[in-house]
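*Asks:* First, the structure itself, so that you have it in front of you.
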């Protein structure tokens with residue numbers, strides 16, 4: 001049963017399992033104690049720290065283990081901000097950072113836009129560093145669309161501006177070290193096949209850092225609580241193991257992703273593959289299917305045995321599309337993220353490609369999706385469609401159904417209170433070569449107007 | 001090789017290991033996802049929550065899993081304080097709470113003294129609840145001396161005062177539920193034989209609680225980060241398992257502890273067994289040995305195969321005796337905490353009792369400890385001993401060496417800059433029936449004066 005959601009959580013790497021087993025026997029005691037069980041635990045902890053530091057590319061005393069990647073982000077951002085309190089409170093982030101970074105950065109953060117590929121706008125990022133900026137955050141690669149960020153260039157801009165750069169390397173650390181120049185780095189073990197419960201926080205020597213929260217002597221005062229030693233040992237061992245295989249596995253999975261990127265638009269009409277086609281993670285690809293309800297699509301794929309995730313609004317508890325897709329300005333309906341775990345076979349990918357077209361067309365059929373624009377342009381020059389109370393992808397389907405009824409040059413206005421419409425109606429216009437006139441706020445939702453061009 | 005430091009961290013219970021194994025296969029995916037691996041993870045998480053809630057004695061929706069006991073304490077105290085911000089910021093704690101509670105409560109906390117047994121002074125605790133108290137914290141039982149706290153009475157006082165009570169049940173939850181009446185409860189899985197990396201935080205319905213730190217949707221917003229599911233499953237399974245054996249095992253270990261409590265003072269001269277002899281944890285006993293260096297004692301016991309811990313100053317990085325022993329006002333030198341893990345045999349305890357006297361006397365011999373007061377009282381009526389720069393137990397040994405040289409009614413003044421002297425010189429006077437006159441601060445350390453009575 002192919003699991004294609006490694007970017008959420010990767011299955012445990014065999015090396016992680018073996019190391020965890022061993023460390024359950026040898027590493028359950030308190031490494032701060034001086035008796036033999038404690039000394040043994042301390043040796044395991046020291047060795048794990050050296051292994052992880054080598055993979056990160058830092059000194060062991062620059063690296064601490066945290067309770068998760070989220071904890072690493074929270075503690076890293078809070079500590080860096082407190083260490084730079086005299087400079088200011090301003091945080092610069094890209095618009096497509098992980099939610100843990102955005103939440104820790106706070107509502108007053110300066111959010112730098114991204115290109116349609118998901119890559120941060122470097123000039124805007126550099127400009128944002130001015131003034132009282134205390135910290136800048138940029139992920140190494142995006143978790144939803146796989147686009148690699150220009151970390152080296154951003155680090156150079158940060159160095160010139162005297163601003164520390166925190167790199168969230170959660171998605172990429174298993175594939176290789178982050179480009180030099182970062183001041184703080186965070187990562188999460190269960191993303192590379194390590195166990196849950198372990199994050200990494202590296203803080204370069206010389207970076208001002210003041211740990212926040214109640215005092216605790218563990219992990220240089222930077223990560224409170226009894227260390228989760230068996231999991232730490234497993235995290236370090238699996239990081240070394242995946243790194244040893246990374247180059248070969250990246251080449252192999254990258255070719256499989258290229259196959260998906262090329263074949264999906266050929267096999268499934270009205271799809272948009274998103275994210276940078278070249279500067280990207282090797283194992284991750286995301287596409288959106290017009291006129292498809294993401295939740296139904298995921299559940300149909302699950303029925304066929306494929307586990308994938310989605311940034312569509314209908315699969316989130318907030319009823320808004322993913323902030324990443326929104327920032328990129330791409331279609332959000334029928335969104336599918338495929339992230340291949342280590343060892344995924346070409347056969348599994350081929351089977352996915354064989355199954356996907358039927359699944360998408362069956363979902364579309366059930367939703368009554370129109371075929372073609374239709375030629376009957378005998379209707380009025382302006383039509384209004386009431387899609388209030390209807391969720392993605394219905395407003396776009398309603399639009400597609402009636403666009404053929406207005407003459408070329410005529411307009412269709414869709415009334416919708418679905419947040420996804422704001423993203424998907426303009427995206428539909430782009431895909432269909434129609435003109436998006438704009439949105440006007442209404443008491444309930446907004447009125448989206450489209451001019452028929454073809 | 002007997003490991004007698006269960007209160008630091010218990011070896012993994014066989015049930016924890018088995019459950020962890022199973023959950024590594026079944027529970028590595030994200031329980032928030034809707035595909036089969038996610039649904040399976042969610043089922044495991046739900047089942048673990050029900051099991052843990054039953055053991056705690058709360059509703060499943062009142063309980064969240066945290067990354068450690070320390071995280072549970074930090075998040076519990078911060079959330080409770082934020083929820084009661086309008087009432088005030090004052091926190092009431094006993095003087096013998098775990099350091100995580102004291103640090104989270106902050107420097108302005110009202111610290112309630114304890115009796116010599118380590119039991120909180122209930123009248124003082126009740127009185128402290130007045131005014132703008134936002135939260136009170138009382139452990140269920142002390143982690144260093146095993147004394148059970150009057151939680152039911154404290155809860156009643158809190159109820160009357162309208163103050164929520166947070167009970168840190170880290171040391172006792174494996175032995176049984178906490179008495180009713182608490183508002184918040186925290187615990188730590190590796191203390192009961194569960195894995196590291198799992199804490200519990202229970203917040204009763206109706207208790208005002210506002211989670212602090214960056215927003216995160218996990219665990220009802222009360223515990224950020226990807227859930228450490230295999231460890232959570234193992235924690236819950238092992239809690240149920242130890243509870244099933246708790247009554248029988250408590251009776252058995254309690255008898256072994258009684259044996260230690262009775263035999264140590266008989267076998268080893270000049271020892272003080274501390275903590276409440278009756279209202280105590282079943283598996284934990286602490287005693288202090290006069291004229292003994294705690295670090296040497298631990299290392300000699302380790303050489304004999306016994307792993308114990310100590311609250312002596314010389315075994316801590318801060319060079320001060322444990323705050324618990326200080327608050328109780330008991331001897332801190334040569335301090336040994338024995339905490340028996342599940343399954344400890346009578347033979348192991350007997351072997352400990354057979355080994356201890358020789359170890360203590362060899363340490364004392366090396367330190368040149370005087371035997372008896374000596375009868376030569378022909379010296380001056382007042383003697384000053386310079387023990388500056390000398391660490392515990394040397395200042396007390398120097399005192400004992402010269403007390404016989406002053407006549408009855410004469411005084412010895414010890415100059416010492418060792419923090420342990422403040423506790424141990426009065427304790428020595430109590431054990432030797434000499435009069436402790438008092439301490440006067442000096443430029444370096446203090447001058448401690450003792451009057452010879454016998």
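*Asks:* Could you tell me how many of the residues in the range B:286-307 are under 23 Å from residue B:256 (Cα atoms) and more than 13 Å from chain A (Cβ to nearest Cβ)?
*Replies:* Selection size over the range B:286-307: 4.
*Asks:* I'd like the full set of residues that are within 16 Å of residue B:151 (Cα to Cα) and in a helix (DSSP H, G or I), limited to the range B:102-131.
*Replies:* Answer for the range B:102-131, where residues must be within 16 Å of residue B:151 (Cα to Cα) and in a helix (DSSP H, G or I): B:122, B:123, B:124, B:125, B:126, B:127, B:128.
*Asks:* Which condition number does residue A:65 fail, the rest of (1) at pLDDT 95 or above; (2) within 17 Å of residue A:164 (Cα to Cα) being met?
*Replies:* Here residue A:65 meets the rest and fails (2).
*Asks:* Working only within the range A:261-279, note down all residues that are surrounded by fewer than 24 Cβ atoms within 10 Å (Cβ to Cβ) and either in contact with a helix residue (DSSP H, G or I) (Cβ under 8 Å, 6 or more places away or on another chain) or assigned by TED's automatic domain parsing to the domain that holds residue A:391 (or both).
*Replies:* Scanning the range A:261-279 gives A:263, A:264, A:267, A:268, A:270, A:271, A:272, A:273, A:277.
*Asks:* Name, by its number, the condition in (1) surrounded by fewer than 19 Cβ atoms within 10 Å (Cβ to Cβ); (2) more than 7 Å from chain A (Cβ to nearest Cβ) that does not hold for residue B:34.
*Replies:* (2)
*Asks:* Among the residues of the range A:241-260, which ones are surrounded by fewer than 19 Cβ atoms within 10 Å (Cβ to Cβ) and touching a helix residue (DSSP H, G or I) at 6+ places or on another chain (Cβ under 7 Å)?
*Replies:* A:243, A:259
*Asks:* Here is a further query. Give the residue that is modelled with the lowest pLDDT, with candidates limited to residues of the range B:367-398 that are within 30 Å of the chain's Cα centre (by Cα) and part of a helix (DSSP H, G or I).
*Replies:* B:367
*Asks:* Inside the range B:219-238, can you point out the residues that are facing another protein chain (nearest Cβ under 9 Å) and assigned to a loop (DSSP other than H, G, I, E, B)?
*Replies:* The answer is B:224, B:225, B:226, B:227, B:228.
*Asks:* Just one of A:48, A:19, A:29, A:41 is facing another protein chain (nearest Cβ under 9 Å), buried (at least 23 other Cβ atoms within 10 Å of the Cβ), over 24 Å from the mean Cα position of the chain (by Cα) and part of a helix (DSSP H, G or I); which is it?
*Replies:* Testing whether each residue is facing another protein chain (nearest Cβ under 9 Å), buried (at least 23 other Cβ atoms within 10 Å of the Cβ), over 24 Å from the mean Cα position of the chain (by Cα) and part of a helix (DSSP H, G or I) leaves just A:41.
Condition check ((1) under 25 Å from residue B:49 (Cα atoms); (2) in contact (Cβ under 8 Å) with a residue 24 or more places away in the chain; (3) crowded, with 24+ Cβ neighbours inside 10 Å) across all residues:
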{"site": "B:149", "(1), (2), (3)": "no, yes, yes"}
{"site": "B:153", "(1), (2), (3)": "no, yes, no"}
{"site": "B:159", "(1), (2), (3)": "no, no, no"}
{"site": "B:169", "(1), (2), (3)": "yes, yes, yes"}
{"site": "B:180", "(1), (2), (3)": "yes, yes, no"}
{"site": "B:188", "(1), (2), (3)": "yes, yes, yes"}
{"site": "B:195", "(1), (2), (3)": "yes, yes, yes"}
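*Asks:* Can I ask one more? Just one of B:145, B:167 is in contact with a helix residue (DSSP H, G or I) (Cβ under 9 Å, 6 or more places away or on another chain) and not in a strand (DSSP E or B); which is it?
*Replies:* Just a single option satisfies the conditions, and that option is B:145.
*Asks:* Could you identify the single residue in B:319, B:301 that is at positive phi and touching a helix residue (DSSP H, G or I) at 6+ places or on another chain (Cβ under 7 Å)?
*Replies:* Checking each option against the conditions leaves just B:319.
*Asks:* Looking at (1) outside any helix (DSSP H, G or I); (2) at negative phi, can you tell me which one residue A:291 breaks?
*Replies:* Looking at each condition in turn, residue A:291 falls short on (2).
*Asks:* Give the range A:300-317 a look and list any residue that's surrounded by fewer than 24 Cβ atoms within 10 Å (Cβ to Cβ), farther than 28 Å from residue A:192 by Cβ and at pLDDT below 95, or say none.
*Replies:* A:314
*Asks:* Please give the number of the condition residue A:134 fails out of (1) within 19 Å of residue A:153 (Cα to Cα); (2) in contact (Cβ under 8 Å) with a residue 40 or more places away in the chain; (3) more than 14 Å from chain B (Cβ to nearest Cβ); (4) not in a strand (DSSP E or B).
*Replies:* (4)
*Asks:* Give the residue, chosen from B:199, B:206, that is touching a residue at least 24 places away in the same chain (Cβ under 8 Å) and outside the structural domain of residue B:310 (by TED's automatic domain parsing).
*Replies:* B:199
*Asks:* Could you check, for the range A:62-70, whether at least one of its residues is within 11 Å of chain B (Cβ to nearest Cβ), assigned to a loop (DSSP other than H, G, I, E, B) and in contact with a strand residue (DSSP E or B) (Cβ under 9 Å, 6 or more places away or on another chain)?
*Replies:* Yes - at least one qualifying residue is present in the range A:62-70.
*Asks:* Return the only residue of B:285, B:324, B:278 being at pLDDT 95 or above and assigned to a helix (DSSP H, G or I).
*Replies:* Being at pLDDT 95 or above and assigned to a helix (DSSP H, G or I) holds for just one of B:285, B:324, B:278, which is B:324.
*Asks:* Confirm whether residue A:272 is within 24 Å of the chain's Cα centre (by Cα) and more than 26 Å from residue B:25 (Cβ to Cβ).
*Replies:* So residue A:272 fits the description; yes.
*Asks:* Just the residues that are away from chain A (no Cβ under 14 Å), surrounded by fewer than 24 Cβ atoms within 10 Å (Cβ to Cβ) and under 15 Å from the mean Cα position of the chain (by Cα), please, taken from the range B:71-104.
*Replies:* Within the range B:71-104, just B:95 meets the criteria.
*Asks:* Quick one: residue B:107 ticks every box in (1) surrounded by fewer than 24 Cβ atoms within 10 Å (Cβ to Cβ); (2) out of contact with any helix residue (DSSP H, G or I) (no Cβ under 8 Å at 6 or more places or on another chain); (3) modelled with pLDDT of 95 or more; (4) within 13 Å of another protein chain (Cβ to nearest Cβ) bar one, so which box is it?
*Replies:* Condition not satisfied by residue B:107: (3).
*Asks:* Tell me yes or no: at least one residue of the range A:239-248 is away from chain B (no Cβ under 14 Å) and more than 23 Å from residue A:20 (Cα to Cα).
*Replies:* Taking every residue of the range A:239-248 in turn, at least one turns out to be away from chain B (no Cβ under 14 Å) and more than 23 Å from residue A:20 (Cα to Cα).
Residue by residue, here is whether (1) touching a residue at least 24 places away in the same chain (Cβ under 8 Å); (2) surrounded by fewer than 15 Cβ atoms within 10 Å (Cβ to Cβ); (3) out of contact with any strand residue (DSSP E or B) (no Cβ under 7 Å at 6 or more places or on another chain) holds:
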| position | (1), (2), (3) |
| --- | --- |
| B:322 | yes, no, yes |
| B:336 | yes, no, no |
| B:342 | yes, no, yes |
| B:345 | no, yes, yes |
| B:358 | no, yes, yes |
| B:368 | yes, yes, yes |
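Matching residues to (1) under 23 Å from residue B:316 (Cβ atoms); (2) surrounded by 15 or more Cβ atoms within 10 Å (Cβ to Cβ); (3) in contact with a strand residue (DSSP E or B) (Cβ under 7 Å, 6 or more places away or on another chain); (4) not assigned by TED's automatic domain parsing to the domain that holds residue B:332:
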position: B:397; (1), (2), (3), (4): yes, yes, no, yes
position: B:401; (1), (2), (3), (4): no, yes, no, yes
position: B:404; (1), (2), (3), (4): no, yes, no, yes
position: B:410; (1), (2), (3), (4): no, yes, yes, yes
position: B:418; (1), (2), (3), (4): yes, yes, no, yes
position: B:423; (1), (2), (3), (4): yes, yes, no, yes
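*Asks:* Also, I was wondering about something else. Just to be sure before I move on: is residue A:53 away from chain B (no Cβ under 12 Å), touching a strand residue (DSSP E or B) at 6+ places or on another chain (Cβ under 8 Å) and in a helix (DSSP H, G or I) in the structure I sent?
*Replies:* yes
*Asks:* Across the range B:116-138, what is the number of residues that are out of contact with any helix residue (DSSP H, G or I) (no Cβ under 8 Å at 6 or more places or on another chain) and surrounded by fewer than 19 Cβ atoms within 10 Å (Cβ to Cβ)?
*Replies:* 6
*Asks:* Determine whether the range B:202-218 contains at least one residue that is more than 9 Å from chain A (Cβ to nearest Cβ) and part of a strand (DSSP E or B).
*Replies:* Yes - at least one qualifying residue is present in the range B:202-218.
The values are calculated or read from the model by the stated rules, or taken from the named source; none is laboratory data. Note that this is a predicted model, so its numbers are computed, not measured. Here Cβ is always computed from backbone atoms with ideal geometry, including for glycine, and neighbour counts include all displayed protein chains.
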